[in-house]
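The values are calculated or read from the model by the stated rules, or taken from the named source; none is laboratory data. Values in this document were obtained by computation on a predicted structure and should not be read as measured data. As a convention, Cβ positions derive from the backbone with ideal geometry for all residues, glycine included, and neighbour counts pool all protein chains shown. Quick note on the areas: whole protein, heavy atoms, side chains included, nothing else; ligands and nucleic acids left out. Shrake-Rupley method; radii C 1.70, N 1.55, O 1.52, S 1.80 Å.
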Amino acid sequence: MRILITGAAGFLGSHLSDRLLNDGHEVIGMDNFITGSPDNIAHLASNEKFSFFKRDVSNYIFVPGKVDAILHFASPASPNPLSKSGYFNLPIQTMKAGALGTHNCLGLARAQNARFLLASTSEIYGDPLVHPQTEDYAGNVDPVGTRAVYDEAKRFAESLTMAYHRFHNVNTSIVRIFNTFGPRMDLEDGRALPNMLKQALLGQPLTVYGDGAQTRSFCYVDDLVDGIIKLLYSDEHFPVNIGNPIEMTILQFAEAINKITGNTAGITFVDARSARDPQRRQPDITRARDLLKWEPKVDLEEGIRRTIPFFKQKLGTA
Ligand code: UDP
């Protein structure tokens, strides 16, 4: 297949590019680098099956030649207000990538009769009142809350995707991605793993926001990519959760990072990020198990071990 990936220079987009090229496909990458990095795709420059366009997907997109599939991954994704690359500081771009960007990609998919895959998110569940989150749970999102620009853009993107499927019969799919980590995460994006792994490798105390009782479930990137590719190759149209169902508190997560890295500087408790920080999050992956025969294989410790060399290289401590 000839596959367009928007956000190809991002954390997930670059791993997807690698995997699809390895599977023998041709990949057309697109990114405007507002949160992605050229470093993430530098190793693909000499690959003749990879081409790249620096574009903002919120504007009309044109791709020469046939396109068989489109993966729309372009969007800021970090909720940290302190991060320059987080959606808090890129609110309009975030809404445009989710709304106009999805519209442009769906238009291209329709014109090209291509399979379309939307990168959606556990954030569409907001601060969930149902636990664990199944795909039929409609969520608990404040449309004017601090996370709304991302949550509502992705909710709109899902609705638009289903409209193109139902009305124009476009072959669409939607993956709801839960917390994921691995090499090529932006060390400065302010999320839990980059913040804490960086702190641990520098011998600093780990910052836990609030009392650390809020929970998340962390998936290693190779597992996530595996699930997404299975969804792409399937003929499923309804949303599918992809993530690791092993739930832990953020305090347990911080303790695990200190243990694995041998960091003895401990933990510092700082102010909670906001009242809107989701308190519990765990994917119900029954659909992925049944439909895609998928489940994660890499445990947290192994995933962190595989991520450390990248962080050391970026920190200059390798
Ligand atoms: N968090 C933390 N310390 C940090 C960064 C994040 O305690 O240095 C917490 C944050 O408050 C949230 C969880 O870790 O409860 C996951 O945050 P992240 O930014 O990774 O993404 P989210 O899951 O909220 O989208």
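Being touching a strand residue (DSSP E or B) at 6+ places or on another chain (Cβ under 9 Å), under 30 Å from ARG2 (Cβ atoms) and either at pLDDT below 95 or within 11 Å of the ligand (Cβ to nearest atom) (or both) is the requirement here; does ILE250 meet it? Steps first, answer last, please.
On the way: touching a strand residue (DSSP E or B) at 6+ places or on another chain (Cβ under 9 Å): yes; under 30 Å from ARG2 (Cβ atoms): no; either at pLDDT below 95 or within 11 Å of the ligand (Cβ to nearest atom) (or both): yes.
No; evaluated as a whole, the condition is false for this residue.
Just one of SER46, SER83, SER51 is surrounded by fewer than 24 Cβ atoms within 10 Å (Cβ to Cβ), part of a loop (DSSP other than H, G, I, E, B) and touching an Asp or Glu at 6+ places or on another chain (Cβ under 9 Å); which is it?
On the way: SER46 fails: touching an Asp or Glu at 6+ places or on another chain (Cβ under 9 Å); SER51 fails: part of a loop (DSSP other than H, G, I, E, B).
After applying the criteria, what remains is SER83.
From the list PRO283, PRO309, pick out the single residue that is open to solvent by less than 50 Å² (accessible area, probe 1.4 Å) and not β-branched (Val, Ile, Thr). Please lay out each step first, then the result.
Numbers: PRO309 fails: open to solvent by less than 50 Å² (accessible area, probe 1.4 Å).
The unique qualifying residue is PRO283.
Looking at LEU106 and the list (1) more than 16 Å from the ligand (Cβ to nearest atom); (2) within 25 Å of CYS219 (Cα to Cα), which single condition is not satisfied?
Result: LEU106 fails condition (2) only.
Considering each of PRO278, PRO296, PRO283, PRO309 in turn, give the residue that is on the phi < 0 side of the Ramachandran plot and either out of contact with any strand residue (DSSP E or B) (no Cβ under 9 Å at 6 or more places or on another chain) or without any contact (Cβ under 8 Å) to a residue 12 or more places away in the chain (or both).
On the way: PRO278 fails: either out of contact with any strand residue (DSSP E or B) (no Cβ under 9 Å at 6 or more places or on another chain) or without any contact (Cβ under 8 Å) to a residue 12 or more places away in the chain (or both); PRO296 fails: either out of contact with any strand residue (DSSP E or B) (no Cβ under 9 Å at 6 or more places or on another chain) or without any contact (Cβ under 8 Å) to a residue 12 or more places away in the chain (or both); PRO283 fails: either out of contact with any strand residue (DSSP E or B) (no Cβ under 9 Å at 6 or more places or on another chain) or without any contact (Cβ under 8 Å) to a residue 12 or more places away in the chain (or both).
Residue meeting the stated conditions: PRO309.
Can you spot a residue in region 3-13 that is surrounded by fewer than 21 Cβ atoms within 10 Å (Cβ to Cβ) and part of a loop (DSSP other than H, G, I, E, B)? Step through it out loud before you land on a result.
Here is the first cut: in region 3-13, the ones surrounded by fewer than 21 Cβ atoms within 10 Å (Cβ to Cβ) are none.
Scanning region 3-13, I find no residue that is surrounded by fewer than 21 Cβ atoms within 10 Å (Cβ to Cβ) and part of a loop (DSSP other than H, G, I, E, B), so the answer is no.
Only residues that are farther than 12 Å from GLY243 by Cα and either part of a helix (DSSP H, G or I) or away from the ligand (no atom under 16 Å from the Cβ) (or both): list them for region 274-298, please.
Step one: filter region 274-298 for residues farther than 12 Å from GLY243 by Cα, giving 274-280, 290-293.
Listed by number, the residues that qualify are ASP290, LEU291, LEU292, LYS293.
In region 253-265, how many are within 16 Å of the ligand (Cβ to nearest atom) and out of contact with any helix residue (DSSP H, G or I) (no Cβ under 7 Å at 6 or more places or on another chain)?
Going residue by residue through region 253-265, those that are within 16 Å of the ligand (Cβ to nearest atom) are 253-258, 261, 263, 265.
Narrowing the set further to residues that are out of contact with any helix residue (DSSP H, G or I) (no Cβ under 7 Å at 6 or more places or on another chain) leaves 255, 265.
Qualifying residue count, region 253-265: 2.
Return only the number of the condition from (1) part of a helix (DSSP H, G or I); (2) within 13 Å of the ligand (Cβ to nearest atom); (3) surrounded by fewer than 24 Cβ atoms within 10 Å (Cβ to Cβ); (4) not acidic (Asp, Glu) that ILE92 does not satisfy.
Here ILE92 meets the rest and fails (2).
Pick out, from region 132-237, the helices (runs of 4 or more DSSP H) lying fully within it that include 3 or more residues that are at pLDDT 95 or above, open to solvent by less than 30 Å² (accessible area, probe 1.4 Å) and within 16 Å of the ligand (Cβ to nearest atom). Talk me through it step by step, then tell me what you get.
Working: elements: 148-168, 192-201, 221-233.
Because the criterion is at least 3 residues that are at pLDDT 95 or above, open to solvent by less than 30 Å² (accessible area, probe 1.4 Å) and within 16 Å of the ligand (Cβ to nearest atom), the helices (runs of 4 or more DSSP H) in region 132-237 that meet it are 148-168, 192-201.
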